[in-house]
Amino acid sequence: MFDKDDFDKDFDNAINKAIGNNLKVAYSNEAFELWFLLHFIFINSTIARKDYNKKITENFRKLTGNKKYKYDKVESVQLLIEKIKNKESEAIKNAKKLLKQYGDENSFLKKNPSTTVHLLVEKLNKLKS
């Protein structure tokens, strides 16, 4: 599992190499925070990495009424996960819808935004059953 970050030229190569070695990949293009954001809203336009934090913060505040919350990968991620875990089915639906929009596009880099984290989550959920 990884996100694109700023590794444009290596992103497609990494995923294709994994697939070529029969490995499954859970990726997010451009940032893992896309997966979090999909719990709140469907988003299908490219946004800057720093804007994910802002959008997560805004949507968390709307959901909870907590006006002091500010998303941070280290400090506040646990609280976020706790509040959105019951919205997992919405995130999965949004991730599938997002990927479907790219049709037959072969370049993972060009699928921005996109994520396959939902595939990993679905597999893990099956193991829980």
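The values are calculated or read from the model by the stated rules, or taken from the named source; none is laboratory data. Values in this document were obtained by computation on a predicted structure and should not be read as measured data. Because the Cβ atoms are built from the backbone with ideal geometry, glycine has one as well, and the counts that use them run over all protein chains shown.
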| query | Restricting segment 1-37 to residues that are assigned to a loop (DSSP other than H, G, I, E, B) and charged (D, E, K, R), which is nearest to ILE81 (Cα to Cα)? | reply | GLU30
| field | Segments classed as helices (runs of 4 or more DSSP H), wholly inside segment 49-122, with at least 3 members that are over 14 Å from the mean Cα position of the chain (by Cα) and of a type in the set (Lys, Arg) | value | 49-64
| message | One residue is enough: does segment 3-21 have a residue meeting the conditions touching a helix residue (DSSP H, G or I) at 6+ places or on another chain (Cβ under 7 Å) and either touching a residue at least 12 places away in the same chain (Cβ under 8 Å) or among the aromatic types (Phe, Trp, Tyr) (or both)? | response | yes
| query | Looking at ASP3, ASP8, ASP12, which one is closer than 21 Å to THR116 by Cβ and buried (at least 19 other Cβ atoms within 10 Å of the Cβ)? | reply | ASP3
| query | Within segment 113-129, how many residues are under 19 Å from THR46 (Cα atoms) and either touching a Pro at 6+ places or on another chain (Cβ under 7 Å) or modelled with pLDDT under 95 (or both)? | reply | 0
| field | Residues located in segment 15-26, provided they are within 18 Å of VAL121 (Cβ to Cβ) and either charged (D, E, K, R) or loosely packed, with under 14 Cβ neighbours inside 10 Å (or both) | value | LEU23, LYS24
| task | Please state which of the following conditions LYS62 fails to meet, knowing it meets all the rest: (1) at pLDDT below 95; (2) loosely packed, with under 14 Cβ neighbours inside 10 Å. | result | (1)
| remark: Taking segment 65-111 and keeping only residues that are buried (at least 19 other Cβ atoms within 10 Å of the Cβ) and among the polar types (S, T, N, Q), one is left with ASN94
